[in-house]
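> I'd like to ask some things about the structure below.
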Amino acid sequence: MAIGEQIRAARIHANLSQQTAAQRVGMTLDNYGRIERGQASPTLDTLLGIADAIGVPLAHLVREPPRPAP
């Protein structure tokens with residue numbers, strides 16, 4: 001799963017809108033949406049801000065979720 005997809009899933013799980021998350025990070029809705037859609041690559045500082053805004057550890061956004069055993 002791409003970082004943007006991880007961010008989107010975590011934001012939805014936290015019951016936040018893109019607008020609210022973007023405001024908490026201090027970025028425009030357009031730029032935030034581009035990150036979630038995978039059209040922009042966030043810097044480490046931006047990823048840290050997004051993790052804080054959503055309320056998850058940074059590792060939650062950048063690690064692949066475990067796959068179920070076959």
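The values are calculated or read from the model by the stated rules, or taken from the named source; none is laboratory data. Just so you know, these numbers come straight off a predicted model, no measurement behind them. In this analysis, Cβ positions are derived from the backbone assuming ideal geometry, glycine residues included, and neighbour counts consider all displayed protein chains. In case anyone asks, the SASA skips ligands and DNA or RNA and just uses the protein heavy atoms, side chains included. Shrake-Rupley method; radii C 1.70, N 1.55, O 1.52, S 1.80 Å.
> For ARG24, what is the net charge nearby, where nearby means another residue's Cβ is under 11 Å from its Cβ and Lys, Arg count +1, Asp, Glu -1?
Local net charge: 0.
> Averaged per residue, what accessible area in Å² does the chain show with a 1.4 Å probe, protein chains only?
66
> Something else about it: From the helices alone, meaning DSSP H stretches of at least four residues, give me the mean residue ellipticity at 222 nm for the chain, per-run term -39500 (n - 2.57), in deg cm²/dmol to the nearest 500. It would help to have the intermediate numbers written out before the result.
Values: 5 runs with 43 residues, N = 70.
Result for the chain: -17000 deg cm²/dmol, rounded to the nearest 500.
> Work from the charge dipole of the chain (Cβ charges, +1 for Lys and Arg, -1 for Asp and Glu, about the Cα centre) and give the residue of THR46, MET27, HIS60 farthest towards its positive end.
Toward the positive end, the furthest listed residue is HIS60.
> Multiplying the sequence separation of GLU5 and ASP52 by 0.36 nm and subtracting their Cα-Cα distance, what value in nm do you get?
Extending this stretch completely gives an extra 15.2 nm.
> May I ask you to list the trypsin sites (Lys or Arg not before Pro) in the chain that are in a DSSP loop and have at most 15 other Cβ atoms within 10 Å of their Cβ?
When the trypsin sites (Lys or Arg not before Pro) of the chain are filtered for loop state and at most 15 Cβ neighbours within 10 Å, ARG37, ARG63 remain.
> Could you tell me what percent of the accessible area of the chain is made up of carbon and sulfur, with a 1.4 Å probe and every protein chain present?
52
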